[in-house]
Each structure stands twice: as C-alpha cells, then as structure tokens.
Amino acid sequence: MKRVFKILVFVLVIAFIAIQFFQPEKNQAEISTSDFFAQIHNIPADLKETLDYSCYDCHSNNTRYPWYSRIAPLSWMISEHVIEGKAELNFSEWGDLAKRKKISALNDICEVVEDKEMPLESYLKMHKDAALSDEQIKALCIWVETETERLINEE
Amino acid sequence: MMKRVIPLSILAIGLLVAYVSLSTPEDSSLYEMNLQAEDDVEFPAEVAKLLENSCYDCHTTASKNDDAKDALDFNKWNDLKTSKKISALDGICEVIESGDMPPKKYLEHYPATALSDDQVKLICDWVEKESESLMQEKKK
C-alpha cells in the first residue's frame, strides 16, 4: 500500500508540474481607448474606484494577475471567468454598443449588483475589497438612473 | 296560512339568488387563464400573438411562477419607465435568440410554444424598432 501511495503522489506532482506549462493567454491590453466606459460617461471618482476594484478584472481588456492567479488549474478558471465576463459586458469596448444596448447594460449593471450576483462570490473570496457596500450599490444605481435618462433624452 | 308561506319563501329566496347572481359582474379573468394581455399594451399583432403563445403562461401577473414574474410581467408593461422598457426589450431578444427561453423543461410539455428562427427574428426586429421609437418618443 505504501508503495502505491508513493507512486500516486509522484504522478500527481508530475501532473501538477506539467499543467503549469499549459497556461491560458493573459488578458492585458491598453485599457484607456476612446471606447472605454470611463471615457464616454461622466463618472464620479468613487464610482470609478468601485469599477476598477470590483469589475474591470473580468469586464475589461485588462485583468490584474496576482501571483496565485498564474498557477494552473486556477489560472484556467480565472481565464474562463474573464472570457465569459467580457462576452457579457466589456467596459473597454463600451463605445461599440448601440445606445439602446448601453441603456440596457446600465440597467443590468445596477440589477446584478443589487441582487448581489456580482461580483462573483469566488472572486470576492480572493478580493475582499471588491465587495460593494450598500452605499456603493445605492450610489451606483442612482448614477445609472440619471445616466440612462440622459442617454434617452440626448440627441 | 302555512300552506302559502313555504312556497312564497322559496320563491322569494329564488328571486333573491337570481338577482344577486345576475348583478354580480362576471370575472372574466377566471376563464382566460394567463393569456389575457393588458388591454392598452400595444404590441403589433404578430408579435403579440407570439408573446402570448410562448411567454404569457409564466410572464403575466396570474402566473404562479414568481421568478418569471420578477424578471418580467407583461401585464405591468405600461408601468415600466422607458429605460426599463428598453432594457426588458433587449432582454427578450437576448433570451430567445440564445434559446434560453422558453425554458427546455417548459418546451418538453408544450412543444408548440417553441419559437422558430423566423419568429425569433420577427421579435428581435420588433425589439430594435420599438427601442428606437421609445428613445425618439422621449424627446417630444
């Protein structure tokens, strides 16, 4: 039994080392293009901070990668989150959205944050400062409301 | 005296019952299940038909599906402000395009409620037009 156990551990260690050579692509690019959300909308400073801490890692073209995020298979899980997050909403490409899509997205942003669906729980486990307080949620939703009204009324 | 009282009483009761049942307005919502749309919601006929057929079972006030009603209740469409309408419209096209709606379990029981590609396109085209018109409307 002892021998089988040793072999098993050995195999797992080799496998673990091997998968480190198969890493997903990093999501990193110039974030502040003209399509970037914060460049298109007038955003109060504290809301900017909220977005940066709590949203951009998955919902922009620029993810921050702490050391542990580069260890497989964790790196693969993170990559999945980023791919799915960007597909759903990408703040770096906000300018590409049609106006009605912007309005809809703004509405959804408030909703998912109010429902505590976002940020993801697994993300919050590793980023405690990314959790939004009730005040932050309220401020975000009020801003969303004014902004959608402005979008609807502008030429 | 007694010989008359009883039949007269029965007649009186009978008349009373008839009067009450005839004067109480009929509750038509009992008959129309969940398919009755809000009277003043003006969806184009083709779109309204599709929505009624494939969506109203869950997405109206009479539905017992609370999650569905929270997400969208067509009977409350006119209560939504413009930005929420635009958002709901976008959501409608998205979920039917992705095949998320109607839900698979629901389709298993009611296959006739499935939306064909053409029907999805019809609804999505309407969503786009309606959103544009809602945004234009606001500027008046």
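The residues in region A:11-38 that are within 22 Å of A:LEU74 (Cβ to Cβ) and among the aromatic types (Phe, Trp, Tyr) can be counted, and the count is 3. Looking only at residues of region A:113-134 that are of a type in the set (Asp, Glu) and in a helix (DSSP H, G or I), we find that the one that is most open to solvent (accessible area, probe 1.4 Å) is A:GLU121.
If you go through region B:54-80 and keep only what is within 14 Å of chain A (Cβ to nearest Cβ) and farther than 23 Å from A:GLU147 by Cα, you end up with B:ASP67, B:ASP70. Of the residues making up region A:19-55, those that are surrounded by fewer than 17 Cβ atoms within 10 Å (Cβ to Cβ), small (Gly, Ala, Ser) and at pLDDT 90 or above number 1. Counted as qualifying within region A:10-112 are the helices (runs of 4 or more DSSP H) with 3 or more residues that are touching a Leu at 6+ places or on another chain (Cβ under 7 Å) and more than 14 Å from every other protein chain (Cβ to nearest Cβ), namely A:45-54. Applying the selection to region A:17-76, what residues are among the acidic types (Asp, Glu) and without any contact (Cβ under 8 Å) to a residue 40 or more places away in the chain? Those that are among the acidic types (Asp, Glu) and without any contact (Cβ under 8 Å) to a residue 40 or more places away in the chain: A:GLU30, A:GLU49, A:ASP52. When residues in region B:81-140 are screened for being within 14 Å of another protein chain (Cβ to nearest Cβ) and either exposed (fewer than 13 other Cβ atoms within 10 Å of the Cβ) or of a type outside the set (Val, Ile, Thr) (or both), 30 of them pass.
The values are calculated or read from the model by the stated rules, or taken from the named source; none is laboratory data. Values in this document were obtained by computation on a predicted structure and should not be read as measured data. Virtual Cβ from ideal backbone geometry, glycine too; neighbours counted across all protein chains shown. Note: accessible area is taken over every heavy atom of the protein model, side chains too, but ligands, DNA and RNA are not part of it. Shrake-Rupley method; radii C 1.70, N 1.55, O 1.52, S 1.80 Å.
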